[in-house]
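What follows is a short report on a single structure.
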Amino acid sequence: MSDIYPAKLYQIDNLRLSLADMTQKPLIGAAPRLEILKGLSFDIPKGEILGIVGGSGSGKSTLGRALVRLLEPSSGTIKFDGQDITHLPETVLRPLRRRFQMIFQDPMSSLNPRHRVGQIIAAPLKLHGISNPKQCALEALDHVGLPRKFAARYPHELSGGQRQRIGIARAIALKPEFILADEIVSGLDVSSQAQVLNLLETLVKDLGLTLAFISHDLSVIRRLCTRILVLHQGQIVENAATAELFANPQAAYTRELLDSIPLPDPNQIWT
Amino acid sequence: MSYLSIHNLSARLKGRPDQILRRVSLEVAAGEVRGLVGESGAGKSMIGKAILGTLPHAVEITSGQILLDGTDLLALPPAQRRALVGSKCALIPQDPLTALNPSRRIGPQITNRLVDILRWSRADAEKRARELLAEVQIPDPERVMRSYPHELSGGMRQRILIASAFAAEPKLIIADEPTTALDVTVQKQILKLIAAMQARHGTALLFVTHDLGVVSKVCQSLSVLYAGIVLEDSTIPDFFHAPKHPYSRALLAATPKYTDPDGSLTPVPDAVIAATRAEVAAADRSAHV
Amino acid sequence: MLDGRSAIKRKLPARLVLSATWLILLTLAAIAAPLIAPKDPLAQDLFLGQLPPFWVQGHEPGYLLGTDSLGRDVLSRILYGARLALTVALTAGTITCIIGATMGLLAGFLRGWVDVLISRAIDIWMAFPPVLFSILLIAVLGPGLSSIIIAIVVIDWTRFARVIRAEAMTQGAMDYVASAQVAGRSRISTMFTEILPNVLPTIVVLLTLEMGISIIVEAILSFVNLSISTDDPTWGGMIAEGRTSIHQAWWVLVFPLATLFLTVLSFSQLGEGLKDRFDPVLR
C-alpha cells in the first residue's frame, strides 16, 4: 500500500473541539460550550509541509494545539502514525511526545525567562532520557545557525529572530518526526522572517521532517508549503496543493483572502 | 509649503549615549499621505510620538525642530503645545483593543474631546459623532454610541477610532500601525476606509508601518528609516520601481509577494546591514565633529 | 548591540547594602548577646532606676543607653530582645512562606478542585479579624514562643497564598508551560522547574516582608502581654513599659522602638534589593 500512497503520519477524522465560553458563564451552573472546530477531516502524509491558513477565530491555532495534544478533542479521531491519540491520558502520551513537537508564536512567552538558552534546549532531552543532552543542545544551536556561546544567555538578551531560532532548536533537538509551527514569523521583521523561513525549509529537507505551518498570511506560506488547508469559522473551506490553490482558488473565502493581501506594488488596484 | 516639517530631529534615551533618532528630517505637505517605514527599533513610532508630545519619559529630544504649520512645537511651553497639537493633530492608534476605555460607552469617548477641549456644545458633538460613525460605514450609529467596547469586533473598534480621529477636522493625522492587529480581510476594508476618509477631508496623514504592501496601497510618498536615520525619501512609484538605497532594495526583496511564481524570499543580506550600519556610524561621527 | 546587555554589571543597590548590613550586625549581636551585653538583662537595681543614656547629664558609666524604672540596662535588654525577635522572624516567616507559597502554587497552577478548595479556605480565613484571632489562639495555646509562631503562621499564610496564586495563574498561561507539556514534562515537575523560578522573586520579597511583619506581630503580642513569660526581655514588652514612663525616661521607649523600626524596614528593603540585584530578567 505504501507503494501507491505515501504513508500517512496524521489521519484526522471528523475532529470536533469545543471549549467552555467563560464570558457567557451564568452565575450558577456550567458555562455554555463554544464549538471551535466543527468536524475536520484531513491527512498529513509523511514528508509533507502543510500550511494551515485562516483569520482570527478560524480555529487554526486550536487545531494545531489538538494535533500535538495540548488540547483534547471533544469527538472525532486523531491518529498519529496509525495510533489513536485522541483521548490518550497525559501519562501514556508522554513517551510519544518526543515524536511530535511544537514551535510557538511568541518566543518571548514560550522561552522561560529565568532559564538559560542551553537549559531551555537541553531540558526536553533530559526528560526523554537522551544521553549527553548538553552536547545535543549545542548541536541544535549549530543547526539553527546560532553561535554555541548563546547557550549561556537568557532569552531577553536575544533579538526576536534569534529567540525564534531557539524555539526551533528546542523542537528539532528531540529529533521529532512532526513539528507544528504556530505563526512563528508573524512577530518578526521581514528580514528575520525570510531568514527563519529559509532556515525552516532547510531543516525540513535535511532532517526529513513533516511540518504543519500555521499562518494568517498566505504570501508567507507560498514558498514553504506543499499543500494548504484554508480554515474559516472552524471548518475546512479548501484543501489543495499550493500551486493549485494560488493558480485557481476554489472557495470564495480563499479568493477573498488572496485579494486582501496588500502586494508591495503600487499597480495593484483594490476594488 | 509643507504642513509638517521636521528638521534634524535627534533623540536618545536619557543618560545613555545611544541615539534613537539621528537628525531626522521629513516633510508632509497639506493633504499628503506619507508612509514612515522601518523595521522594529528603527524609531518610526518615536517620530509620531515626538510630534504628538507623547514620548516615554525615558526618551529626550536632544536637538531639532518640529514645525507644525510654521510653529516650532519644541519651542512652545507645554500647555500651548498641547492646545495646538490637540486642535490640529489626531492619532489613529495601533491596538483597537486597548485604545478605547473598556468601562465607558462609545458615544462619550468620541464626543468628550470635542466638548471638553474644543468647547463644542454636547448636542453638536453628538450630531457630529453620529455623522462620522455613518461615514466610517458603521451600521446603526445610535446603537453603537450606546455600546461598550467589548461588545464590538476589532474591525468595528478600529472604525470608531478612525471616526474619532477625524472628529475635530484635524489638519494632520498620525496613523501608528493602524492595521497590524487586524485580519487581512479586515485590514483591506480599514485601509480603503482610511484612504477614502483622507481624500474626502483632505487631511495630511503620516502613516507609520512596517509593511511595504500596506504603504503601496495608501501612501503617496515614503521615508525609510533605519536605526533612527532616514535612508531614503521617495514618491511611491519611484520607490517601488527603483529604490535608491541598497537597504530599501533588500527590504523590498525580503517582503513576501504571493504573485511571484516561486514565492521566493531573500533575507536582507548581511553585507547590506553592515554597510547601512557603517553609514549610521559615519553620520554619528560627522555629527560630533 | 544586544551583546552588551548581558555584560552590563548591575551595581549593588544601596538599600540592599544598608539593610543587609543592619540585619547582619543585629543577628551577630543577638547570637553573641551573652558575651557582649554589658549587664544582665534581668538584673534589677532600684538604686539605679531610670538612668539616662551616656550623653545626658546624670548617666552612670556602663549603662550606655540608660536603665528602665527597675534599673535594668536598656542596651542589654534590646540585645536579648533581638534574639526573640529574630527567632520569631526567621521561623515564623519561613514556615508561613513555605505553607502559603505551596498552597498558592498548587491552587494557581493546578486549578480545578484544588484551586476551589484552597481559594475557599483563603476566603473564609480572611473573614476572621486577625488581631482578635491571634489573641484567641494564644489564649487557647497558652503564651510561649511556639504559640507566637503558630499564631503568625495560621494568620498570615493567606497573604502568600493569594499573591502567589495570582502569579502562578499568569505564569501558567504562558507558552513556555505549554512547551514543557509538549516536551513531555509532568504537571508537578513543570510547577517546580518552570513556574517556581518565575514566582521566586515575588516569594523572596514576600518572605522578607513577612519577617518584618512577624516582628511587629510579636511586638504587638508582647505589648498586650501575650508573648512569652513577662520576665524575658522583648522589644514589644519594653515599648509597653517605656510607654508608662515616657515623660520621665523617654529612652526606655525610644531605643527599642527605633531598633524595631530599623529592623522591620531593613527586612522589606532587603527583599526588594535582592530582587533588583539577582533577578536575571532585567526590568
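The values are calculated or read from the model by the stated rules, or taken from the named source; none is laboratory data. These figures come from a predicted structure and were not determined experimentally. Reconstructed Cβ throughout: ideal geometry from the backbone, glycine too, with neighbour counts over all protein chains shown.
Some notes on this structure:
- Matching residues, the stretch A:120-138, being free of Cβ contacts under 8 Å to residues at least 24 places away in the same chain and either within 23 Å of the chain's Cα centre (by Cα) or assigned to a helix (DSSP H, G or I) (or both): A:ALA123, A:LYS126, A:LEU127, A:PRO133, A:LYS134, A:GLN135, A:LEU138
Here is a yes/no grid of residues against (1) farther than 27 Å from A:ALA194 by Cα; (2) among the small types (Gly, Ala, Ser):
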residue	(1), (2)
B:LYS171	yes, no
B:ILE174	yes, no
B:GLN187	no, no
B:LEU193	yes, no
B:SER216	no, yes
B:CYS219	no, no
B:TYR226	no, no
B:ASP238	no, no
B:HIS241	no, no
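- Helices (runs of 4 or more DSSP H) wholly inside the stretch C:183-283 containing at least 3 residues that are at pLDDT 90 or above and over 26 Å from C:ILE98 (Cβ atoms): C:250-278
- Scanning the stretch A:237-265 for residues that are at pLDDT below 95, crowded, with 18+ Cβ neighbours inside 10 Å and either within 8 Å of chain B (Cβ to nearest Cβ) or in contact with a Phe, Trp or Tyr (Cβ under 7 Å, 6 or more places away or on another chain) (or both) yields a count of 7.
- Between C:ARG185, C:ARG165, C:ARG111, the distinction of being crowded, with 22+ Cβ neighbours inside 10 Å, among the basic types (Lys, Arg) and more than 25 Å from C:LEU90 (Cα to Cα) belongs to C:ARG185 only.
- Test: residue in the stretch C:221-235 that is touching a residue at least 60 places away in the same chain (Cβ under 8 Å), more than 30 Å from A:ARG98 (Cα to Cα) and within 14 Å of another protein chain (Cβ to nearest Cβ): no
- Odd one out for A:PRO113, checked against (1) in a loop (DSSP other than H, G, I, E, B); (2) assigned by TED's automatic domain parsing to the domain that holds A:PRO249: (2)
- Total residues in the stretch A:63-93, condition within 12 Å of chain C (Cβ to nearest Cβ), of a type in the set (D, E, K, R) and farther than 13 Å from A:LEU37 by Cβ: 2
- Annotation: C:ARG162 fulfils all but one of (1) more than 24 Å from A:ARG163 (Cβ to Cβ); (2) within 14 Å of chain A (Cβ to nearest Cβ); (3) basic (Lys, Arg); the unmet one is (2).
- Some residue of the stretch B:172-193 being away from chain A (no Cβ under 14 Å) and among the basic types (Lys, Arg): no
- Selection from the stretch B:220-246 of residues that are within 14 Å of the chain's Cα centre (by Cα) and either under 17 Å from B:SER45 (Cα atoms) or buried (at least 24 other Cβ atoms within 10 Å of the Cβ) (or both): B:LEU222, B:SER223, B:VAL224, B:LEU225
- Output for the stretch B:220-259, where each listed residue is of a type outside the set (Phe, Trp, Tyr) and in contact with a Lys or Arg (Cβ under 6 Å, 6 or more places away or on another chain): B:SER221, B:LEU225, B:GLY228, B:ILE229, B:GLU232, B:PRO243
One line per residue, one yes/no per condition, for (1) closer than 30 Å to A:LEU245 by Cα; (2) in contact with an Asp or Glu (Cβ under 6 Å, 6 or more places away or on another chain):
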| position | (1), (2) |
| --- | --- |
| B:LEU225 | no, no |
| B:VAL230 | no, no |
| B:SER234 | no, no |
| B:ASP238 | no, no |
| B:LYS244 | no, yes |
| B:TYR247 | no, no |
| B:ALA254 | yes, no |
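- In the stretch B:107-138, residue surrounded by the fewest Cβ atoms within 10 Å (Cβ to Cβ) [restricted to those that are in contact (Cβ under 8 Å) with a residue 24 or more places away in the chain and more than 15 Å from B:PHE166 (Cβ to Cβ)]: B:ILE117
- Of the residues making up the stretch C:158-182, just one is closer than 15 Å to C:ILE99 by Cα and among the polar types (S, T, N, Q), namely C:THR158.
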